[in-house]
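Everything below concerns the one structure shown next.
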Amino acid sequence: MKTILVKPSIKPLNRKQTIKKKTEPSVFNVTESKKTKLPDPEVVCDAENDVDWKGKQVDNDNIQVLWSDFRDNTTMHGLKNANLKQRHRLRCCIWAAALISMGCFLIYITYEQVSNYFKYPTIINTHVQTETSVKFPAVTLCSASPLKKESLPDILDLEYFFLSQSVIGWMYPPLNLSKSEYSKYQLPLNASWVNDTANQIEDLFLFCKFDGKDRDCESSMEPIITQVGICYTFNNRKYVGKNGHIMTSRTGSTSGLLLYLIVNQSNYVFNDVMAAGVKVIIHDQNDEPDVIDKGFFVTPGFSTFASIYKTEYRYLPSPFKINGDQFCVDTKSPDYKNPLQYYDVYSKTACRMQCKQNHVIRLCGCRSPNDKGNETICSLVKLTECYKVESERFDQNGTAQGQCLCPTECEYDEYQAQLSTGSFPAKNYQAVLNQMGIKNIRETYLELAIYFESLGVLKVEQKPEYSFEDIIGLLGGQMGLFLGASLLTLTELIEVILLSSLVVGKKMYHRIVKRP
(Lines give C-alpha, C1' and ligand atoms only; values in the text may rest on other atoms or scores of the structure.)
Protein backbone atom coordinates (compact mmCIF):
# COMPACT_ATOMS: atom_id res chain seq x y z
CA MET A 1 0.00 0.00 0.00
CA LYS A 2 1.39 3.36 -0.97
CA THR A 3 1.44 6.21 1.51
CA ILE A 4 1.72 9.86 0.44
CA LEU A 5 2.96 12.50 2.94
CA VAL A 6 1.86 16.08 2.43
CA LYS A 7 4.08 18.56 4.32
CA PRO A 8 2.85 21.97 5.56
CA SER A 9 4.02 24.99 3.71
CA ILE A 10 6.69 27.08 5.38
CA LYS A 11 5.63 30.73 5.87
CA PRO A 12 7.45 33.64 7.49
CA LEU A 13 6.56 34.49 11.12
CA ASN A 14 3.94 37.13 11.78
CA ARG A 15 5.77 39.79 13.77
CA LYS A 16 2.51 41.33 15.03
CA GLN A 17 1.85 38.34 17.24
CA THR A 18 3.86 37.28 20.27
CA ILE A 19 2.78 33.64 20.16
CA LYS A 20 2.45 31.76 16.94
CA LYS A 21 -1.14 30.65 16.23
CA LYS A 22 -1.92 27.02 15.80
CA THR A 23 -2.47 26.19 12.11
CA GLU A 24 -4.69 23.58 10.72
CA PRO A 25 -2.74 20.37 10.29
CA SER A 26 -1.81 19.84 6.71
CA VAL A 27 -0.30 16.41 7.03
CA PHE A 28 -2.59 13.54 6.14
CA ASN A 29 -2.13 9.81 5.98
CA VAL A 30 -3.80 8.83 2.76
CA THR A 31 -4.74 5.19 2.34
CA GLU A 32 -6.73 4.55 -0.79
CA SER A 33 -9.70 6.92 -0.52
CA LYS A 34 -9.77 7.40 3.32
CA LYS A 35 -8.02 10.40 4.97
CA THR A 36 -6.84 10.24 8.59
CA LYS A 37 -6.19 13.53 10.51
CA LEU A 38 -2.84 13.54 12.26
CA PRO A 39 -2.20 15.13 15.70
CA ASP A 40 -1.57 18.86 15.87
CA PRO A 41 2.04 19.81 15.45
CA GLU A 42 3.81 21.31 18.50
CA VAL A 43 3.59 25.06 18.67
CA VAL A 44 7.01 26.60 18.76
CA CYS A 45 7.84 30.21 19.67
CA ASP A 46 10.57 31.66 17.53
CA ALA A 47 12.40 33.86 20.05
CA GLU A 48 14.88 35.05 17.43
CA ASN A 49 12.24 36.42 15.02
CA ASP A 50 9.52 37.49 17.56
CA VAL A 51 10.45 41.11 18.24
CA ASP A 52 7.66 41.77 20.78
CA TRP A 53 8.60 38.77 22.87
CA LYS A 54 12.21 39.77 22.74
CA GLY A 55 11.42 43.28 24.00
CA LYS A 56 9.43 41.97 26.93
CA GLN A 57 12.11 39.53 27.88
CA VAL A 58 14.82 42.20 27.89
CA ASP A 59 13.39 45.16 29.84
CA ASN A 60 9.67 44.65 30.45
CA ASP A 61 9.05 48.16 29.13
CA ASN A 62 5.31 47.56 28.98
CA ILE A 63 3.13 48.47 31.98
CA GLN A 64 0.22 46.48 30.57
CA VAL A 65 2.34 43.33 30.56
CA LEU A 66 3.43 43.98 34.16
CA TRP A 67 -0.16 44.44 35.26
CA SER A 68 -1.33 41.33 33.37
CA ASP A 69 1.40 39.27 34.99
CA PHE A 70 0.48 40.61 38.45
CA ARG A 71 -3.23 40.03 37.88
CA ASP A 72 -2.80 36.44 36.72
CA ASN A 73 -0.29 35.41 39.39
CA THR A 74 -1.15 37.46 42.50
CA THR A 75 -2.34 35.82 45.70
CA MET A 76 -5.21 38.35 45.97
CA HIS A 77 -8.44 36.44 45.54
CA GLY A 78 -10.73 37.48 42.72
CA LEU A 79 -8.39 39.81 40.86
CA LYS A 80 -7.73 37.31 38.06
CA ASN A 81 -11.49 37.10 37.44
CA ALA A 82 -11.67 40.84 36.73
CA ASN A 83 -10.15 40.38 33.26
CA LEU A 84 -11.75 42.19 30.32
CA LYS A 85 -10.34 39.65 27.84
CA GLN A 86 -12.38 36.79 29.23
CA ARG A 87 -15.41 35.51 27.37
CA HIS A 88 -18.14 36.79 29.78
CA ARG A 89 -17.87 40.55 30.21
CA LEU A 90 -20.71 40.65 32.79
CA ARG A 91 -18.80 38.28 35.05
CA CYS A 92 -15.77 40.53 34.76
CA CYS A 93 -17.81 43.60 35.73
CA ILE A 94 -19.32 41.83 38.76
CA TRP A 95 -15.90 40.80 40.00
CA ALA A 96 -14.48 44.27 39.41
CA ALA A 97 -17.35 45.86 41.35
CA ALA A 98 -16.87 43.39 44.19
CA LEU A 99 -13.13 44.12 44.33
CA ILE A 100 -13.67 47.88 44.33
CA SER A 101 -16.32 47.63 47.05
CA MET A 102 -14.18 45.41 49.25
CA GLY A 103 -11.18 47.67 48.66
CA CYS A 104 -13.19 50.72 49.74
CA PHE A 105 -14.39 48.91 52.87
CA LEU A 106 -10.83 47.89 53.64
CA ILE A 107 -9.52 51.46 53.22
CA TYR A 108 -12.28 52.86 55.44
CA ILE A 109 -11.81 50.31 58.23
CA THR A 110 -8.02 50.63 58.01
CA TYR A 111 -8.31 54.40 58.33
CA GLU A 112 -10.59 54.08 61.36
CA GLN A 113 -8.32 51.59 63.09
CA VAL A 114 -5.14 53.54 62.41
CA SER A 115 -6.81 56.79 63.53
CA ASN A 116 -7.99 55.11 66.71
CA TYR A 117 -4.51 53.70 67.30
CA PHE A 118 -2.93 57.16 67.10
CA LYS A 119 -5.46 58.47 69.63
CA TYR A 120 -3.62 56.15 72.03
CA PRO A 121 -6.67 54.70 73.80
CA THR A 122 -6.06 52.94 77.09
CA ILE A 123 -7.74 50.53 79.45
CA ILE A 124 -7.53 50.41 83.25
CA ASN A 125 -6.52 47.11 84.76
CA THR A 126 -7.43 46.80 88.45
CA HIS A 127 -6.43 43.83 90.54
CA VAL A 128 -5.37 42.92 94.07
CA GLN A 129 -1.93 41.45 94.56
CA THR A 130 -0.89 39.91 97.86
CA GLU A 131 2.62 40.86 98.99
CA THR A 132 4.90 39.24 101.53
CA SER A 133 5.73 42.67 102.98
CA VAL A 134 4.36 46.16 102.41
CA LYS A 135 6.01 49.57 102.72
CA PHE A 136 4.63 51.39 105.74
CA PRO A 137 3.39 54.90 104.95
CA ALA A 138 4.29 58.23 106.48
CA VAL A 139 1.93 59.40 109.24
CA THR A 140 1.60 63.13 109.93
CA LEU A 141 -0.10 64.33 113.12
CA CYS A 142 -1.25 67.91 113.76
CA SER A 143 -2.81 69.34 116.89
CA ALA A 144 -6.24 70.91 116.48
CA SER A 145 -4.64 74.00 118.00
CA PRO A 146 -1.47 74.78 116.02
CA LEU A 147 -0.51 77.51 118.50
CA LYS A 148 0.38 76.92 122.12
CA LYS A 149 -1.31 79.44 124.41
CA GLU A 150 1.47 79.77 126.96
CA SER A 151 4.02 80.31 124.17
CA LEU A 152 2.30 83.31 122.58
CA PRO A 153 4.24 86.59 122.59
CA ASP A 154 3.27 89.40 124.90
CA ILE A 155 0.93 91.34 122.63
CA LEU A 156 -2.04 93.27 124.01
CA ASP A 157 -5.40 91.45 123.67
CA LEU A 158 -3.87 88.77 121.42
CA GLU A 159 -6.15 86.02 122.71
CA TYR A 160 -9.23 88.17 122.05
CA PHE A 161 -7.86 88.97 118.58
CA PHE A 162 -7.71 85.24 117.77
CA LEU A 163 -11.22 84.80 119.15
CA SER A 164 -12.59 87.55 116.88
CA GLN A 165 -10.93 85.85 113.90
CA SER A 166 -12.01 82.32 114.80
CA VAL A 167 -14.90 80.24 113.48
CA ILE A 168 -17.24 82.03 115.92
CA GLY A 169 -15.60 85.44 115.47
CA TRP A 170 -18.75 86.89 113.90
CA MET A 171 -20.21 86.97 117.43
CA TYR A 172 -17.51 89.33 118.74
CA PRO A 173 -16.65 92.85 117.58
CA PRO A 174 -13.14 93.19 116.13
CA LEU A 175 -10.42 95.20 117.81
CA ASN A 176 -9.81 98.77 116.71
CA LEU A 177 -6.31 98.13 115.44
CA SER A 178 -5.82 101.77 114.44
CA LYS A 179 -5.14 102.65 118.08
CA SER A 180 -1.55 103.17 119.02
CA GLU A 181 -1.58 100.43 121.66
CA TYR A 182 -2.17 97.88 118.89
CA SER A 183 0.80 98.97 116.78
CA LYS A 184 2.45 95.52 117.12
CA TYR A 185 -0.38 94.06 115.01
CA GLN A 186 0.91 96.11 112.09
CA LEU A 187 4.48 94.81 112.28
CA PRO A 188 5.63 91.83 110.20
CA LEU A 189 5.97 88.67 112.22
CA ASN A 190 9.38 87.23 112.98
CA ALA A 191 10.70 84.21 111.13
CA SER A 192 10.82 82.38 114.45
CA TRP A 193 7.07 82.85 115.04
CA VAL A 194 6.17 79.32 113.99
CA ASN A 195 8.75 77.53 116.14
CA ASP A 196 8.22 79.81 119.12
CA THR A 197 4.44 79.28 119.26
CA ALA A 198 4.23 75.61 118.20
CA ASN A 199 3.48 72.53 120.27
CA GLN A 200 6.58 70.51 121.04
CA ILE A 201 6.91 66.75 120.75
CA GLU A 202 6.45 66.25 124.48
CA ASP A 203 3.24 68.28 124.29
CA LEU A 204 1.63 65.76 121.93
CA PHE A 205 3.23 62.33 122.39
CA LEU A 206 3.08 60.26 125.53
CA PHE A 207 4.14 56.83 124.29
CA CYS A 208 5.10 55.31 120.91
CA LYS A 209 5.36 51.71 119.67
CA PHE A 210 5.87 50.13 116.28
CA ASP A 211 5.43 46.49 115.40
CA GLY A 212 5.13 45.64 119.08
CA LYS A 213 8.41 47.35 120.03
CA ASP A 214 8.86 50.56 121.98
CA ARG A 215 10.05 53.55 120.01
CA ASP A 216 11.48 56.84 121.22
CA CYS A 217 8.89 59.42 120.15
CA GLU A 218 11.38 62.26 119.94
CA SER A 219 13.68 60.42 117.51
CA SER A 220 10.81 58.82 115.56
CA MET A 221 8.84 62.02 114.92
CA GLU A 222 10.16 64.66 112.54
CA PRO A 223 8.73 68.23 112.77
CA ILE A 224 7.36 69.62 109.51
CA ILE A 225 5.94 73.07 108.76
CA THR A 226 2.50 72.81 107.19
CA GLN A 227 -0.36 75.16 106.35
CA VAL A 228 -1.58 74.99 109.95
CA GLY A 229 1.80 75.28 111.64
CA ILE A 230 4.20 72.66 112.90
CA CYS A 231 3.08 69.02 112.66
CA TYR A 232 5.03 65.83 113.30
CA THR A 233 5.60 63.00 110.84
CA PHE A 234 6.48 59.40 111.54
CA ASN A 235 8.55 57.61 108.86
CA ASN A 236 8.96 60.67 106.66
CA ARG A 237 11.17 61.07 103.58
CA LYS A 238 14.15 62.27 105.59
CA TYR A 239 14.01 59.21 107.84
CA VAL A 240 13.66 56.88 104.85
CA GLY A 241 16.65 58.53 103.18
CA LYS A 242 18.81 57.70 106.20
CA ASN A 243 17.41 54.33 107.33
CA GLY A 244 15.50 52.95 104.35
CA HIS A 245 11.82 52.11 104.11
CA ILE A 246 10.05 50.53 107.06
CA MET A 247 8.56 47.29 105.79
CA THR A 248 5.88 45.35 107.62
CA SER A 249 4.94 41.73 107.08
CA ARG A 250 2.41 41.53 109.88
CA THR A 251 -1.24 42.46 109.95
CA GLY A 252 -3.75 43.24 112.67
CA SER A 253 -4.11 45.78 115.46
CA THR A 254 -1.25 44.29 117.49
CA SER A 255 1.21 45.32 114.77
CA GLY A 256 1.86 48.61 113.05
CA LEU A 257 2.07 52.00 114.76
CA LEU A 258 0.61 52.46 118.24
CA LEU A 259 0.53 55.97 119.75
CA TYR A 260 -0.74 57.42 123.01
CA LEU A 261 -1.33 61.13 122.47
CA ILE A 262 -1.87 64.12 124.72
CA VAL A 263 -4.58 66.69 124.11
CA ASN A 264 -3.82 69.62 126.39
CA GLN A 265 -6.93 71.73 125.88
CA SER A 266 -5.85 74.25 128.49
CA ASN A 267 -3.22 75.47 126.02
CA TYR A 268 -5.58 75.74 123.04
CA VAL A 269 -5.82 78.96 121.03
CA PHE A 270 -8.97 80.03 119.16
CA ASN A 271 -8.79 79.18 115.46
CA ASP A 272 -10.90 77.86 112.59
CA VAL A 273 -11.45 74.45 114.22
CA MET A 274 -13.66 74.00 117.28
CA ALA A 275 -12.79 70.33 117.77
CA ALA A 276 -10.28 69.05 120.31
CA GLY A 277 -7.94 66.33 119.21
CA VAL A 278 -5.34 65.49 116.60
CA LYS A 279 -5.57 65.53 112.79
CA VAL A 280 -4.02 62.41 111.22
CA ILE A 281 -2.88 62.26 107.58
CA ILE A 282 -1.59 58.97 106.14
CA HIS A 283 0.39 59.52 102.96
CA ASP A 284 3.31 58.38 100.86
CA GLN A 285 6.76 59.69 101.72
CA ASN A 286 7.04 61.46 98.36
CA ASP A 287 3.76 63.29 98.84
CA GLU A 288 3.26 66.40 100.94
CA PRO A 289 0.60 66.00 103.66
CA ASP A 290 -2.58 67.88 102.81
CA VAL A 291 -3.53 68.87 106.34
CA ILE A 292 -6.53 70.92 105.20
CA ASP A 293 -8.51 68.61 102.91
CA LYS A 294 -7.31 65.11 103.83
CA GLY A 295 -7.01 62.98 106.93
CA PHE A 296 -9.23 62.26 109.93
CA PHE A 297 -9.59 63.46 113.53
CA VAL A 298 -8.97 61.45 116.65
CA THR A 299 -10.36 62.78 119.91
CA PRO A 300 -9.46 62.28 123.59
CA GLY A 301 -11.32 59.63 125.51
CA PHE A 302 -11.36 57.25 122.53
CA SER A 303 -9.25 54.45 121.12
CA THR A 304 -9.15 54.79 117.35
CA PHE A 305 -8.15 51.84 115.19
CA ALA A 306 -7.24 52.73 111.59
CA SER A 307 -6.91 49.68 109.37
CA ILE A 308 -5.23 50.83 106.17
CA TYR A 309 -4.79 49.39 102.72
CA LYS A 310 -2.52 50.52 99.95
CA THR A 311 -3.40 51.48 96.37
CA GLU A 312 -0.73 51.81 93.70
CA TYR A 313 -1.49 53.92 90.64
CA ARG A 314 0.56 53.38 87.50
CA TYR A 315 -0.28 55.52 84.47
CA LEU A 316 1.35 55.70 81.04
CA PRO A 317 3.32 58.83 80.12
CA SER A 318 2.66 60.99 77.05
CA PRO A 319 1.26 60.45 74.40
CA PHE A 320 -1.24 58.47 76.49
CA LYS A 321 -3.81 60.51 78.40
CA ILE A 322 -5.44 60.19 81.81
CA ASN A 323 -8.59 61.78 83.21
CA GLY A 324 -9.91 62.78 79.80
CA ASP A 325 -7.39 65.02 78.06
CA GLN A 326 -4.60 65.30 80.63
CA PHE A 327 -1.09 63.90 80.54
CA CYS A 328 0.69 62.59 83.59
CA VAL A 329 4.24 63.63 84.45
CA ASP A 330 6.85 60.89 84.50
CA THR A 331 8.83 61.80 87.61
CA LYS A 332 10.82 58.55 87.32
CA SER A 333 12.27 59.53 83.95
CA PRO A 334 16.05 60.23 84.04
CA ASP A 335 15.46 63.46 82.08
CA TYR A 336 12.82 64.78 84.48
CA LYS A 337 13.54 67.99 86.38
CA ASN A 338 11.46 69.06 89.36
CA PRO A 339 9.77 72.40 88.48
CA LEU A 340 8.82 73.19 92.11
CA GLN A 341 10.77 75.85 93.92
CA TYR A 342 9.97 75.01 97.53
CA TYR A 343 9.64 71.21 97.46
CA ASP A 344 12.38 68.67 96.82
CA VAL A 345 10.09 66.05 95.28
CA TYR A 346 7.27 66.74 92.84
CA SER A 347 3.73 65.75 93.74
CA LYS A 348 0.40 67.12 92.65
CA THR A 349 -0.38 68.16 96.23
CA ALA A 350 2.89 70.05 96.58
CA CYS A 351 2.38 71.74 93.21
CA ARG A 352 -1.07 73.01 94.20
CA MET A 353 0.20 74.24 97.55
CA GLN A 354 2.97 76.22 95.86
CA CYS A 355 0.58 77.58 93.24
CA LYS A 356 -1.85 78.75 95.92
CA GLN A 357 0.98 80.29 97.93
CA ASN A 358 2.29 82.24 94.92
CA HIS A 359 -1.22 83.42 94.06
CA VAL A 360 -1.93 84.80 97.54
CA ILE A 361 1.54 86.33 97.94
CA ARG A 362 1.12 88.12 94.61
CA LEU A 363 -2.13 89.69 95.84
CA CYS A 364 -1.12 90.45 99.42
CA GLY A 365 2.56 91.21 99.01
CA CYS A 366 3.61 89.00 101.91
CA ARG A 367 3.62 85.37 102.97
CA SER A 368 2.31 83.43 105.90
CA PRO A 369 4.87 82.34 108.51
CA ASN A 370 3.89 78.79 107.55
CA ASP A 371 4.88 79.33 103.91
CA LYS A 372 8.28 78.52 102.45
CA GLY A 373 10.28 81.23 100.74
CA ASN A 374 12.11 84.47 101.42
CA GLU A 375 9.30 86.98 101.01
CA THR A 376 8.34 89.29 103.84
CA ILE A 377 6.15 87.65 106.48
CA CYS A 378 2.75 89.24 106.90
CA SER A 379 1.70 91.08 110.00
CA LEU A 380 -1.23 89.82 112.06
CA VAL A 381 -3.46 92.39 110.34
CA LYS A 382 -2.34 91.34 106.87
CA LEU A 383 -2.78 87.69 107.77
CA THR A 384 -6.40 88.17 108.78
CA GLU A 385 -7.52 90.91 106.39
CA CYS A 386 -5.78 89.77 103.20
CA TYR A 387 -3.95 86.45 103.36
CA LYS A 388 -6.75 84.48 104.97
CA VAL A 389 -9.42 86.08 102.77
CA GLU A 390 -7.55 85.44 99.52
CA SER A 391 -6.75 81.87 100.53
CA GLU A 392 -10.43 81.13 101.04
CA ARG A 393 -11.30 82.76 97.72
CA PHE A 394 -8.72 80.65 95.97
CA ASP A 395 -10.18 77.46 97.45
CA GLN A 396 -13.63 78.45 96.20
CA ASN A 397 -12.54 79.71 92.76
CA GLY A 398 -12.31 76.91 90.22
CA THR A 399 -10.96 79.30 87.57
CA ALA A 400 -8.00 80.30 89.73
CA GLN A 401 -7.27 76.69 90.57
CA GLY A 402 -7.47 75.79 86.88
CA GLN A 403 -4.56 78.13 86.20
CA CYS A 404 -2.33 75.88 88.29
CA LEU A 405 -0.60 73.54 85.86
CA CYS A 406 -0.21 70.59 88.20
CA PRO A 407 -0.37 67.29 86.34
CA THR A 408 -0.71 64.01 88.17
CA GLU A 409 2.38 61.86 88.68
CA CYS A 410 2.49 58.77 86.47
CA GLU A 411 3.34 56.66 89.51
CA TYR A 412 2.12 57.31 93.04
CA ASP A 413 0.71 55.48 96.05
CA GLU A 414 -2.26 56.24 98.25
CA TYR A 415 -3.39 54.86 101.58
CA GLN A 416 -7.00 54.63 102.68
CA ALA A 417 -8.11 53.99 106.24
CA GLN A 418 -11.16 52.40 107.79
CA LEU A 419 -11.80 53.65 111.31
CA SER A 420 -13.32 52.08 114.37
CA THR A 421 -13.43 53.61 117.84
CA GLY A 422 -13.95 52.58 121.41
CA SER A 423 -14.03 54.31 124.75
CA PHE A 424 -10.59 54.95 126.26
CA PRO A 425 -9.67 53.88 128.80
CA ALA A 426 -11.97 51.22 130.23
CA LYS A 427 -13.23 51.95 133.74
CA ASN A 428 -10.99 49.38 135.41
CA TYR A 429 -7.90 50.96 133.79
CA GLN A 430 -9.12 54.43 134.65
CA ALA A 431 -9.19 53.63 138.35
CA VAL A 432 -5.63 52.27 138.25
CA LEU A 433 -4.34 55.27 136.28
CA ASN A 434 -6.00 57.65 138.73
CA GLN A 435 -4.16 55.94 141.57
CA MET A 436 -0.91 56.56 139.63
CA GLY A 437 -1.67 60.30 139.58
CA ILE A 438 -2.87 60.51 135.97
CA LYS A 439 -6.01 62.62 136.07
CA ASN A 440 -8.57 63.79 133.50
CA ILE A 441 -7.78 60.84 131.26
CA ARG A 442 -10.90 61.02 129.10
CA GLU A 443 -10.38 64.76 128.45
CA THR A 444 -6.63 64.58 127.88
CA TYR A 445 -5.46 61.26 126.40
CA LEU A 446 -6.26 59.11 123.41
CA GLU A 447 -5.04 55.91 121.81
CA LEU A 448 -4.31 55.56 118.07
CA ALA A 449 -3.40 52.33 116.26
CA ILE A 450 -2.52 52.32 112.55
CA TYR A 451 -1.97 48.95 110.91
CA PHE A 452 -2.50 46.93 107.74
CA GLU A 453 -5.59 44.79 107.79
CA SER A 454 -4.12 42.64 105.01
CA LEU A 455 -1.05 42.59 102.81
CA GLY A 456 -3.10 42.80 99.65
CA VAL A 457 -2.21 45.81 97.49
CA LEU A 458 -4.77 47.22 95.06
CA LYS A 459 -2.97 47.93 91.78
CA VAL A 460 -4.51 50.31 89.26
CA GLU A 461 -2.55 50.08 86.02
CA GLN A 462 -3.15 51.89 82.76
CA LYS A 463 -2.32 49.86 79.68
CA PRO A 464 -2.55 50.69 75.96
CA GLU A 465 -5.66 49.29 74.32
CA TYR A 466 -3.70 48.52 71.15
CA SER A 467 -0.10 47.49 70.84
CA PHE A 468 1.80 47.56 67.55
CA GLU A 469 1.35 43.80 67.26
CA ASP A 470 -2.41 44.19 67.80
CA ILE A 471 -2.82 46.77 65.06
CA ILE A 472 -0.81 44.63 62.62
CA GLY A 473 -2.98 41.62 63.44
CA LEU A 474 -6.18 43.63 63.00
CA LEU A 475 -5.08 45.04 59.66
CA GLY A 476 -4.00 41.61 58.47
CA GLY A 477 -7.35 40.17 59.47
CA GLN A 478 -9.24 42.91 57.60
CA MET A 479 -7.16 42.37 54.46
CA GLY A 480 -7.81 38.65 54.59
CA LEU A 481 -11.54 39.17 55.20
CA PHE A 482 -12.19 41.67 52.41
CA LEU A 483 -9.62 40.76 49.74
CA GLY A 484 -8.07 37.48 50.83
CA ALA A 485 -4.75 39.33 50.75
CA SER A 486 -1.71 39.32 52.99
CA LEU A 487 1.44 41.33 53.52
CA LEU A 488 3.07 39.36 50.73
CA THR A 489 0.26 40.52 48.45
CA LEU A 490 1.14 44.09 49.35
CA THR A 491 4.75 43.27 48.50
CA GLU A 492 3.65 42.05 45.09
CA LEU A 493 1.64 45.22 44.50
CA ILE A 494 4.54 47.40 45.60
CA GLU A 495 6.78 45.50 43.21
CA VAL A 496 4.42 46.22 40.29
CA ILE A 497 4.24 49.90 41.24
CA LEU A 498 8.01 50.20 41.47
CA LEU A 499 8.57 48.43 38.16
CA SER A 500 5.89 50.56 36.48
CA SER A 501 7.51 53.69 37.88
CA LEU A 502 10.84 52.49 36.52
CA VAL A 503 9.32 51.95 33.06
CA VAL A 504 7.77 55.42 33.04
CA GLY A 505 11.02 56.94 34.24
CA LYS A 506 13.01 55.25 31.52
CA LYS A 507 10.63 56.43 28.81
CA MET A 508 10.71 60.00 30.07
CA TYR A 509 14.50 59.87 30.28
CA HIS A 510 14.83 58.63 26.68
CA ARG A 511 12.44 61.30 25.43
CA ILE A 512 14.42 64.03 27.17
CA VAL A 513 17.81 62.70 26.02
CA LYS A 514 16.74 62.11 22.40
CA ARG A 515 14.90 65.40 22.11
CA PRO A 516 16.62 67.48 19.37
Discussion item. Along each principal axis of its Cα atoms, how long is segment 425-470 end to end? Whole angstroms, biggest number first, please.
Written reply: 75, 18, 13
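Of the peptides 331-343, 284-296, how do they stack up when ordered by the mean number of other Cβ atoms within 10 Å, highest first? Before the final figure, lay out each step's value.
Values: 331-343: 11.5, 284-296: 19.1.
Final packing ranking: 284-296, 331-343.
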Item to complete: Can you check what the net charge comes to around Phe296, using other residues whose Cβ is under 13 Å from the Cβ of Phe296 (Lys, Arg +1; Asp, Glu -1)?
Response: 0
Worksheet item: Once you put a point 7 Å from the Cα of Ile292 and another 7 Å from the Cα of Ser318, both along the Cβ direction, what distance in nm separates them?
Response: 2.9
Worksheet, complete the sentence: Amide H proximity to Val457 below 5 Å, modelled H, separation 5+ or other chain, gives Gln129, Thr130, Glu131
Worksheet, complete the sentence: With every protein chain kept in place and a 1.4 Å probe, the residues His359, His283, His245, His127 fall, from largest accessible area down, as His245, His127, His359, His283
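With the contact rule set at Cα under 8 Å and sequence spacing of 6 or more, what percent relative contact order holds for segment 302-438?
Numbers: 146 pairs, mean separation 60.3, N = 137.
Rounded, it is 44 percent for segment 302-438.
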Fill in: Relative contact order, percent, segment 234-300 [alpha-carbon distance under 8 Å, six or more residues apart]
28
Worksheet item: On full extension of the chain, what length is gained from Leu499 through Ile100, given 0.36 nm per residue of separation minus the C-alpha to C-alpha distance?
Response: 141.3 nm
Practice prompt. When a/c is below 1.5 the answer is rounded, else prolate if a/b is larger than b/c, else oblate, so apply that to segment 356-405 with a ≥ b ≥ c taken from the square roots of the Cα gyration tensor eigenvalues.
Written response: oblate
Worksheet entry | Sulfur and carbon atoms: percent of accessible area, segment 289-400 [1.4 Å] | 47
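Nearest 0.05, what FRET efficiency do Gln430 and Ser253 give at R0 = 25 Å with Cβ-Cβ as r?
On the way: r = 21 Å, r/R0 = 0.83.
Efficiency at R0 = 25 Å is approximately 0.75.
For segment 95-193, what is the Kirkwood hydrodynamic radius in Å, using each pair of distinct C-alpha atoms?
On the way: mean 1/r = 0.0451 Å⁻¹.
Value: 22.2 Å, from the Cα pair sum.
Over segment 230-343, what relative contact order in percent results from Cα pairs under 8 Å that are six or more residues apart? Walk me through the numbers before you get to the answer.
Details: 63 pairs, mean separation 17.7, N = 114.
Once divided by the residue count of segment 230-343, the mean separation gives 16 percent.
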Worksheet item: Counting only the heavy atoms of the protein chains, how much of Asp344 is accessible to a 1.4 Å probe, in Å² to the nearest 10?
Response: 130
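Among rounded, prolate and oblate, which fits segment 301-451 when a ≥ b ≥ c are the square roots of the eigenvalues of its C-alpha gyration tensor, a/c under 1.5 means rounded, and a/b larger than b/c means prolate?
Verdict is oblate for segment 301-451.
As an exercise, take the mean of 1/r over every pair of distinct alpha carbons in segment 263-309, invert it, and state the Kirkwood radius in angstroms. Walk me through the numbers on the way to the answer.
Numbers: mean 1/r = 0.0792 Å⁻¹.
Hydrodynamic radius (Kirkwood, Cα only) of segment 263-309 equals 12.6 Å.
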Response to the item:
Calc'd 3J(HN,Hα), segment 266-279, phi into Karplus 6.51 cos²θ - 1.76 cosθ + 1.60 (θ = phi - 60°), Hz, glycine/Pro = x, comes to 5, 9, 6, 10, 4, 8, 7, 10, 8, 6, 10, x, 10, 8
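Give, in nm to one decimal, the length gained when the segment between Thr399 and Ser454 is fully stretched (0.36 nm per residue of separation minus the Cα-Cα distance).
Working: separation 55, 0.36 × 55 = 19.80 nm, distance 4.12 nm.
Extending this stretch completely gives an extra 15.7 nm.
Rounded, prolate or oblate: which fits segment 385-516, taking a ≥ b ≥ c as square roots of the Cα gyration tensor eigenvalues, rounded meaning a/c under 1.5, else prolate when a/b beats b/c? Kindly include the intermediate steps, with their values, before the conclusion.
On the way: a/c = 6.82, a/b = 2.85, b/c = 2.39.
Cα axes put segment 385-516 in the prolate bin.
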Discussion item. So, R0 is 41 Å and r is the distance between the beta-carbons of Asn374 and Glu150; what FRET efficiency does that work out to, to 0.05?
Written reply: 0.85
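Working from the pairwise distances between different alpha carbons, so that the mean of 1/r is found and then inverted, what is segment 193-326's Kirkwood radius in Å? Write down the numbers at each step before the final one.
Values: mean 1/r = 0.0579 Å⁻¹.
Evaluated on segment 193-326, it is 17.3 Å.
The values are calculated or read from the model by the stated rules, or taken from the named source; none is laboratory data. Just so it is clear, the model here is predicted, and its values are computed rather than measured. Here the Cβ is made from the backbone with ideal geometry for all residues, glycine too, and neighbour counts use every protein chain on show. The accessibility values were calculated without ligands, DNA or RNA, using every heavy atom of the protein model including side chains. Shrake-Rupley method; radii C 1.70, N 1.55, O 1.52, S 1.80 Å.
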